[in-house]
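Novice: Once you've had a glance at the structure underneath, I'll fire off some questions.
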Amino acid sequence: MKFRAKLVDAACLNNFTRVSNTIAKLAKTCTLRISPDKLNFILSDKVANGGVSMWCELEQENFFSEFQMEGVSAENNAIYLELTSENLSRALKTAQNARVLKIKLTNKHFPCLTVSIELLSVSSSSRVVTHDIPVKVIPRKLWKDLQEPTVPDADVSIYLPVLKTMKSIVEKMKNISNHLIIEANLNGELNLKIETELVCVTTHFKDLGNPPLASENASQYRNSEQMAEVHIDIRKLLQFLAGQQVNPTKATCNIVKNKIVHFDLLHEDVSLQYFIPALS
């Protein structure tokens, strides 16, 4: 197994750092999947046990000026590494004014992702800062648990309002209840609701729009005014909203009634999917 990559473009470096910061806020540990054309950050807590899942995908050619990898074998040309997300995020924070950033899979008595950052100093000479991030190589037999989650057919798909607005509303709601109801319909309406014995609070969003293809399929089976709802842990939604640094150009929410809510964020070179299971 071999992996080395090089980043020289400042915009790409900033984008990669933002992605890493987002992952660190969403997952304490994650799996980094390296393949010839993509990098994936994966969190695969068992949804059946109430855990969230995440699948973040980057096209490597949009980030790296050089990218070389050899996987486990020719037919299984990938590398799966488990790492502490914060370690990568912390290493990249020192790369803000870097000329060059290099990432390499190394062995220093234990497997490491070695991040080398070439910084410009005042005297125009450069200095190199190196971070060795311990990783665990995940064996081939466990890869099957780390595949892209399959998305069940949604009862309703809807575009999300501005995520910062959602976050400030959910933060206030969290002071009242740990449970949140998300409901939406095919008329572009989304409601965030909390209900306790003492109070019921609802925030309404209108005219958000529905993705065309998903809505056409769903509208064959349901009235456009009819709400599909899911009860979730408000803390899991807030963690997702608070972690966002990807600044998506398109953000979609897919609701599978009483089962799961699936968020899909797209930003040019990055896609981030996040799954929160319904409370049983």
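The values are calculated or read from the model by the stated rules, or taken from the named source; none is laboratory data. Bear in mind that the values here come from a model prediction, so they are computed numbers and not experimental data. Virtual Cβ from ideal backbone geometry, glycine too; neighbours counted across all protein chains shown. The protein model used for the area step is the full one, side chains on, heavy atoms only, and it has no ligands, DNA or RNA in it. Shrake-Rupley method; radii C 1.70, N 1.55, O 1.52, S 1.80 Å.
Novice: Using Cα pairs under 8 angstrom and six or more residues apart, how large is the relative contact order of region 225-280, in percent?
Specialist: Normalised by residue count, the contact order of region 225-280 is 36 percent.
Novice: So if we plug the beta-carbon distance of Ser177 and Lys206 into 1/(1 + (r/R0)^6) with R0 = 22 Å, what FRET efficiency do we get, rounded to 0.05?
Specialist: 0.40
Novice: Considering only protein heavy atoms, with the full assembly of protein chains and a 1.4 angstrom probe, order Val137, Val115 by accessible area, largest first.
Specialist: The ordering from most to least exposed comes out as Val137, Val115.
Novice: Rounded, prolate or oblate: which fits region 38-97, taking a ≥ b ≥ c as square roots of the Cα gyration tensor eigenvalues, rounded meaning a/c under 1.5, else prolate when a/b beats b/c?
Specialist: oblate
Novice: Rounded to the nearest 20 debye, what is the charge dipole size of region 165-280 about its Cα centre when +1 sits on each Lys and Arg Cβ and -1 on each Asp and Glu Cβ?
Specialist: About 240 debye.
Novice: With springs connecting C-alpha atoms under 10 Å apart, model the chain as a Gaussian network and identify which of Val170, Val129, Val261 has the largest mean-square fluctuation.
Specialist: Val129
Novice: Please list Cys30, Cys12 in order of solvent-accessible area, largest first, computed with a 1.4 Å probe with all protein chains present.
Specialist: Descending order: Cys12, Cys30.
Novice: What does the charge count around Phe63 come to, taking other residues whose C-beta lies under 9 Å from its C-beta (Lys +1, Arg +1, Asp -1, Glu -1)?
Specialist: Once all neighbours under 9 Å are counted, the net charge is -4.
Novice: Here's another thing I want to ask about it. What does the charge count near Ala27 come to, summing +1 for each Lys or Arg and -1 for each Asp or Glu among other residues with Cβ under 10 Å from its Cβ?
Specialist: Local net charge: 0.
Novice: If you don't mind, there's one more thing I want to ask. Enter the accessible area of Glu195 (Å², nearest 10), with the probe set to 1.4 Å and all protein chains included.
Specialist: Roughly 100 Å² of Glu195 is accessible to a 1.4 Å probe.
Novice: Between rounded, prolate and oblate, where does region 223-280 land on the alpha carbon gyration tensor, with a ≥ b ≥ c its root eigenvalues, rounded for a/c under 1.5, else prolate if a/b exceeds b/c?
Specialist: oblate
Novice: Another question, then. If Lys and Arg each add +1 and Asp and Glu each add -1, what is the summed charge of the other residues whose beta carbon sits under 14 Å from the beta carbon of Ile255?
Specialist: Within the 14 Å Cβ shell, the charges total -2.
Novice: Ignoring everything except DSSP H segments at least 4 long, calculate the 222 nm mean residue ellipticity for the chain; use -39,500 (n - 2.57) per segment, divide by total residues, nearest 500.
Specialist: Taken over the chain, the calculation gives -6000 deg cm²/dmol.
Novice: Only Lys, Arg, Asp and Glu count, each charged at its Cβ (+1, +1, -1, -1), so figure out the dipole size of the chain about its Cα centre, rounded to 20 debye.
Specialist: In total the dipole reaches around 1160 debye.
Novice: Relative contact order of the chain: what whole-number percent is it, with Cα pairs under 8 angstrom and at least 6 residues apart?
Specialist: Relative contact order for the chain comes out at 19 percent.
Novice: Would you tell me the accessible area of Met54, worked out with a 1.4 angstrom probe on the heavy atoms of the protein chains, in Å² to the nearest 10?
Specialist: 0 Å²
Novice: Let me ask something else about it. Show me, bin by bin at 10 Å from 0, the whole-percent P(r) of the chain based on Cα pairs.
Specialist: Computed distribution, short to long bins: 6, 26, 31, 21, 12, 3, 0.
Novice: Another one. Let's test this: bin the Cα-Cα distances of region 140-260 at 5 Å from zero up to the farthest pair and state each bin's percent.
Specialist: Whole-percent P(r) values from 0 Å outward: 2, 10, 19, 21, 20, 14, 8, 4, 2, 0, 0.
Novice: Which residue fluctuates the most in the chain, going by a Gaussian network model with Cα springs under 10 Å, if the choices are Leu88, Leu238, Leu265?
Specialist: Maximum fluctuation in the GNM of the chain, among the listed residues, is at Leu238.
Novice: What is region 28-136's relative contact order, in percent, from Cα pairs under 8 angstrom and six or more apart in sequence?
Specialist: Across region 28-136, relative contact order equals 21 percent.
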